[in-house]
């Protein structure tokens, strides 16, 4: 009588076959403590990898083998650092690292030139690398709930940026280069130490519709006296009126969207 494959072996084999055929690896809430090696063996096949809500501490250097990866979600783990080989993921468009223990980003993150969304809220970042300015296709940058004191001047080179979220940090001011972000629509800086923002921000960022500065030592008078305030207010009101016309349901916080000081 021949050997009969175990049920676990069949399950693992079928799972790997499914990952290879779909390009999607989803292992949320799987109680993982280490990064599964079998994923790395799939190399070019993986396009989406979601390991949310596990207990993973280390991301292996070999993650660079997943060269066709477009979406990497490692939220709610115990990751403390990222490998430099992360920069080899040249196809990556979305990277979500919220709720880890990451203290810094490697300089190689600037090699992710196709990246459109970078969310790393709820970590321990004290600074961002200057190479972040190489992310010319970035649309969303979320660094809320960290320990950032400032942004590098190079952030102004993220020319495609539409949304910048940096609530709950220790930020005192913004570099003048943020005025180069002509596509920026939303700037959220609640609960920081911002005393002033670049004087040309409202004038130069002509797409800006929402600024949230609740819980900062900056006054509404300062804001209203800035060049471009009237034009900004017109854009904000137009957006608000459009929401009302479309019967969009918004919270009470949403009613203050635009200028929250």
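Yes or no: residue 164 part of a loop (DSSP other than H, G, I, E, B), within 22 Å of residue 207 (Cβ to Cβ), outside the structural domain of residue 84 (by TED's automatic domain parsing) and within 12 Å of the chain's Cα centre (by Cα)? In short, no. For region 224-261, a residue qualifies if it is modelled with pLDDT of 85 or more and exposed (fewer than 12 other Cβ atoms within 10 Å of the Cβ), and the qualifying residues are 225, 230, 234. In the set 105, 42, 97, only one residue is at pLDDT below 95 and surrounded by 15 or more Cβ atoms within 10 Å (Cβ to Cβ); that residue is 42.
Results for (1) touching a helix residue (DSSP H, G or I) at 6+ places or on another chain (Cβ under 7 Å); (2) modelled with pLDDT of 95 or more; (3) not in a helix (DSSP H, G or I), shown as yes or no for each residue.
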position: 2; (1), (2), (3): no, no, yes
position: 25; (1), (2), (3): yes, yes, yes
position: 38; (1), (2), (3): yes, no, no
position: 63; (1), (2), (3): yes, yes, no
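With respect to the conditions (1) at positive phi; (2) surrounded by 22 or more Cβ atoms within 10 Å (Cβ to Cβ), residue 168 lacks only one, and its number is (2). Within region 202-223, restricting attention to residues that are more than 22 Å from the chain's Cα centre (by Cα) and within 20 Å of residue 180 (Cα to Cα), which residue is modelled with the lowest pLDDT? Top of the filtered list is 223.
The values are calculated or read from the model by the stated rules, or taken from the named source; none is laboratory data. If you're wondering where the values come from, they're calculated on a predicted model, not measured in any experiment. So basically every Cβ, Gly included, is an ideal-geometry build from the backbone, and we count neighbours across all protein chains shown.
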